[in-house]
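Read the figures in this text as sums done on the coordinates, not as results from a lab. Quantities reported herein were computed from a predicted structural model and do not represent experimental measurements. Using ideal geometry, Cβ is built from the backbone for each residue, glycine included, and neighbour counts are taken over all protein chains shown.
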Amino acid sequence: MKPYSFCRDFGRTLGRVFLSAVFCLLVSSLAGCGYHVAGRGSALPAEWKTLAVPALENRTTRYRIEQRLTEALVRELLARTKYRVVAEETAADAVLRGEVSRVETSAVLFDAATGRATAMVVTVHLKVRVTDRASGKVHYQNDNFVFREQYEVSTDVSSFFEEQQPALERLARDFAARLVSALLENF
């Protein structure tokens with residue numbers, strides 16, 4: 001056998017093996033082997049139509065933070081889910097209860113000239129639970145739901161309080177988006 005014919009036969013064999021491997025990969029990817037991306041299922045049953053969201057409980061000294069968080073949570077649930085959100089527990093398939101257990105604020109950046117804080121981090125600790133109203137079964141529970149948000153603070157004292165309210169609104173909106181994502185993505 002000539003060396004040239006050996007190389008040609010080897011090349012054909014290698015080409016066939018390569019094409020067979022590509023074909024097998026294609027078939028197995030089209031067949032779907034049962035694997036899926038984690039976090040794609042919902043923690044909430046599909047048969048639920050209504051979700052009661054009573055006002056979160058406030059165990060902190062922060063004035064009305066539970067109202068801001070509850071309002072943002074209801075808006076986010078209405079925008080991103082199929083559920084009808086109600087306040088009355090007896091009219092719902094499930095109940096989402098929450099408790100704001102701690103709110104911490106700390107400065108993270110300072111103005112070198114004045115020594116005043118220019119950026120703050122707010123950390124909110126919550127307990128959240130979603131239960132089936134009829135059976136009492138807990139479908140989602142997180143006793144240490146922690147949310148952090150950084151916001152900038154003006155060094156101008158007269159505009160400090162004007163910036164605090166929008167920052168708290170952003171915090172509430174971002175918290176609600178994260179909690180609804182946790183519920184919908186089953187994390």
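Taking the Cα centre of the range 50-185 as reference, the dipole from Cβ charges on Lys and Arg (+1) and Asp and Glu (-1) amounts to some 420 debye.
Can you give the net charge of the other residues whose Cβ lies under 9 Å from the Cβ of Val128, counting K and R as +1 and D and E as -1?
Numbers: positive: Arg97, Lys127, Arg129; negative: Glu99, Asp143.
Within the 9 Å Cβ shell, the charges total +1.
Determine the gain in length on full extension of the stretch Thr114-Val138; use 0.36 nm per residue of separation and subtract their C-alpha separation, reporting nm with one decimal.
Length gained between Thr114 and Val138: 3.5 nm.
Please give the length that would be gained between Lys82 and Glu169 if that part of the chain were fully extended, namely 0.36 nm times their separation in residues minus their C-alpha to C-alpha distance (nm, one decimal). Extra length available between Lys82 and Glu169 comes to 28.9 nm. Ordering Glu149, Glu104 from the fewest to the most neighbouring beta carbons within 10 Å gives Glu104, Glu149.
Can you give the FRET efficiency for Glu89 and Ala182, using 1/(1 + (r/R0)^6), R0 = 25 Å, r = Cβ-Cβ distance, to the nearest 0.05?
Details: r = 21 Å, r/R0 = 0.86.
Here the calculated transfer efficiency is 0.70.
Look at Glu88, Glu152 and count the other Cβ atoms within 10 Å of each Cβ; fewest to most, that gives Glu88, Glu152.
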